[in-house]
1. How many residues does segment 355-369 contain that are out of contact with any strand residue (DSSP E or B) (no Cβ under 9 Å at 6 or more places or on another chain) and in a loop (DSSP other than H, G, I, E, B)?
2. How about segment 163-208: which of its residues are among the β-branched types (Val, Ile, Thr) and more than 21 Å from the chain's Cα centre (by Cα)?
3. Report, by residue number, each residue of segment 385-427 that is under 15 Å from residue 337 (Cβ atoms) and in a loop (DSSP other than H, G, I, E, B).
4. Looking at segment 398-427, which of its residues are surrounded by fewer than 18 Cβ atoms within 10 Å (Cβ to Cβ) and acidic (Asp, Glu)?
5. Which ones in segment 104-162 are assigned to a loop (DSSP other than H, G, I, E, B), small (Gly, Ala, Ser), free of Cβ contacts under 8 Å to residues at least 60 places away in the same chain and not assigned by TED's automatic domain parsing to the domain that holds residue 338?
6. Quick check on segment 370-384: of everything there that is of a type in the set (A, V, I, L, M, F, W, C) and assigned to a strand (DSSP E or B), which residue is nearest to residue 334 (Cα to Cα)?
7. Residues in segment 169-186: is at least one closer than 24 Å to residue 313 by Cα and either in contact with an Asp or Glu (Cβ under 6 Å, 6 or more places away or on another chain) or not assigned by TED's automatic domain parsing to the domain that holds residue 315 (or both)?
8. Give the residue, chosen from 5, 15, 31, 19, that is of a type outside the set (Gly, Ala, Ser) and more than 24 Å from residue 107 (Cα to Cα).
Amino acid sequence: MYRKKIDELVEWKNKPNRKPLIVNGARQVGKSWLIRSFATAHFKGKLIEINLEKSKNLHIIFEPDFDVKRIILELSLALNISIDIQKDLLFIDEIQSCKEALGSLRYFYEDLPALHLIAAGSLLDFEFRNQPFPVGRVETLNVFPMTFYEFLLARGKTQLAKLLEMNPQNAPEDTGRFFEEDFNLYLIVGGMPECVKYFTQTQDFNGLKKIQNDLLYSYEQDFKKYQPAVPTDCLLDVLENGAQFISNQIIYTKLSDRFSSQTVKKGVEVLLTARLLQRVQNVSVSGLPLCVSGKQFKFYFLDVGLLLRKSNLDFVNLYLKKELGAAFQGMLAEQFVAQQLAALSNQPICYWARTEAGASSEVDFVITKNGKIIPIEVKAGKSGSLKSLHYLLEHNPHIEKSFVYSLAKKGVEGKIEYIPIYWAGSN
């Protein structure tokens, strides 16, 4: 499978002032696979991989001090392998399992900059709550579920994927019909690599559902590792009920009727930290940088396929009958766009809503690109009102462009560019 993040890893490898790299992301999004594939394709030397969750006997190497030359020497002795500083890639997986190893990263940059070092972990954000982040001494790379583009490549749809590399306005007319089947499949399968690989090989929906259920169960088993601790039932409520409120401004009392708003709020925060949910905050669009406006925010799931599975909707309704309620169609469309933007933009995703009492105007997303503020509206169908977007553009004349992702026409009308939803995040 192809992952676009490999291109960013190559850029990191070739930097003259390269720093140790922390690869972050939720569990099972393909971090380890990505790094191994990168090592195979781009290193003349060997990949030296250690997993500090499995190999707890190696923790003792990092505990005495942060002398990185000693650490490398003792690793080579413990692993019975020579480590070539210039040619090899050292990959420390599940580094959050050893806080001393995490703390040593800054010293690798200072004392052994020639070494190619990548660290990865699934719950690193929790660990960095307990110790300082090595600002200026490491780089970071965030990994997300596979994008629609990567999904097409995994399914052998190379020509369709190439269309997404084009400016959508230059693509042949009526190309949308070629994407429809794969788009609906992506909403069901999602972008979790195990799900994509399994379905691509088998076309088995029932087996897919089992894998998705197993993934959700494994995330729930991680709850006990979260700090600060939140009652498991509260976290289950937030995940279960939150599936109904994707793309809506969050009201804590609707996420659980068994726990106080304060406890639910804490539950939301830890699920955001675990990257099972993604926060999208309301911002002012008066100028750059974008600043948070009010306390409102929305959230989205890690993955659209897991969201559909958590919602307990039968894939038959979506894939065969094409029957889903309008509200849920809109939610899936927004989840799809949020997921593509998160994976492709490398920047926080925001939205805009009026904060005055009684006001209801809201635009689904706001991003920045090339120093410009770009509002984005998402429409699940082929028509829909754009009153909020027109209001925003009318009252903020400095905004030069906006996007509307939908299943409708493409083209440009004034400051609004209409783009088929399949290009979300690619243009």
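The values are calculated or read from the model by the stated rules, or taken from the named source; none is laboratory data. Note that the structure is a prediction, hence the values are computed from the model and not measured. Heads up, the Cβs are rebuilt from the backbone with ideal geometry, glycines too, and the neighbour counts pull from every protein chain shown.
1. Residues of segment 355-369 out of contact with any strand residue (DSSP E or B) (no Cβ under 9 Å at 6 or more places or on another chain): 356-358, 369.
From what's left, in a loop (DSSP other than H, G, I, E, B): 356-358.
Of the residues in segment 355-369, 3 are out of contact with any strand residue (DSSP E or B) (no Cβ under 9 Å at 6 or more places or on another chain) and in a loop (DSSP other than H, G, I, E, B).
2. Correct list: 175, 200, 202.
3. Once the filter is applied, which keeps residues that are under 15 Å from residue 337 (Cβ atoms) and in a loop (DSSP other than H, G, I, E, B), segment 385-427 yields 407, 408, 424, 425, 426, 427.
4. 400, 413
5. Restricting attention to segment 104-162, the residues satisfying the condition of being assigned to a loop (DSSP other than H, G, I, E, B) are 112-115, 122-123, 128-138, 143-147, 155-157.
Applying the additional criterion that residues be small (Gly, Ala, Ser) yields 114, 122, 136, 156.
From the residues that got through so far, the ones that are free of Cβ contacts under 8 Å to residues at least 60 places away in the same chain too are 114, 136, 156.
The answer is 114, 136.
6. First, the residues of segment 370-384 that are of a type in the set (A, V, I, L, M, F, W, C): 373-374, 376, 378, 380.
Applying the additional criterion that residues be assigned to a strand (DSSP E or B) yields 373-374, 376, 378.
Working: 373: 19, 374: 16, 376: 10, 378: 6 Å.
Ranking the candidates gives 378 first.
7. Start the filter on segment 169-186 by keeping residues that are closer than 24 Å to residue 313 by Cα, which leaves 179-186.
Right, trim to either in contact with an Asp or Glu (Cβ under 6 Å, 6 or more places away or on another chain) or not assigned by TED's automatic domain parsing to the domain that holds residue 315 (or both) and you get none.
Checked segment 169-186: no residue is closer than 24 Å to residue 313 by Cα and either in contact with an Asp or Glu (Cβ under 6 Å, 6 or more places away or on another chain) or not assigned by TED's automatic domain parsing to the domain that holds residue 315 (or both).
8. Values: 15 fails: more than 24 Å from residue 107 (Cα to Cα); 31 fails: more than 24 Å from residue 107 (Cα to Cα); 19 fails: more than 24 Å from residue 107 (Cα to Cα).
Result: 5 is the single residue among 5, 15, 31, 19 that is of a type outside the set (Gly, Ala, Ser) and more than 24 Å from residue 107 (Cα to Cα).
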